[in-house]
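Remarks on the structure that follows.
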Amino acid sequence: MSLPPEDDDSSRQDDEIPRQSVLAAMPKRTFYRVVLLLAALAGILYLRERTGSIASCMSSAFQVPPPSPRTPASSTIKASVLLPDGGTAAAR
């Protein structure tokens, strides 16, 4: 049995791989995942370098001010409660 003669043009077209850009050749999910992981790594390294200043800022922000010394009240507050007209008549 002999093989049928092959056309030179058709065999060349089948063997050629179309050119793609680098971004088009990468799988999208993997590329975005790598970019996300690199961004997370950069954020972690940045926060690691700034840990001391962040800690000092947070400790001063959450520091409770010392209580002020208690002084006795110089005057007493006098107050009276006024009821509406309907409440005064019912209370008497």
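The values are calculated or read from the model by the stated rules, or taken from the named source; none is laboratory data. Values in this document were obtained by computation on a predicted structure and should not be read as measured data. Every residue, glycine as well, gets a Cβ built from its backbone with ideal geometry; the counts of neighbours run over all protein chains shown.
Miscellaneous remarks
- Of all residue pairs spaced 6 or more apart or on separate chains, those with beta-carbon atoms under 8 Å, a first member in segment 51-71 that is free of Cβ contacts under 8 Å to residues at least 60 places away in the same chain and a second member that is assigned to a helix (DSSP H, G or I) are I54/L47.
- Qualifying residue in segment 13-22 (condition: hydrophobic (A, V, I, L, M, F, W, C) and modelled with pLDDT under 70): yes
- The residues of segment 65-87 that are aliphatic (A, V, I, L, M) and either at pLDDT 75 or above or surrounded by 10 or more Cβ atoms within 10 Å (Cβ to Cβ) (or both), listed by number, are I77, A79, V81, L82, L83.
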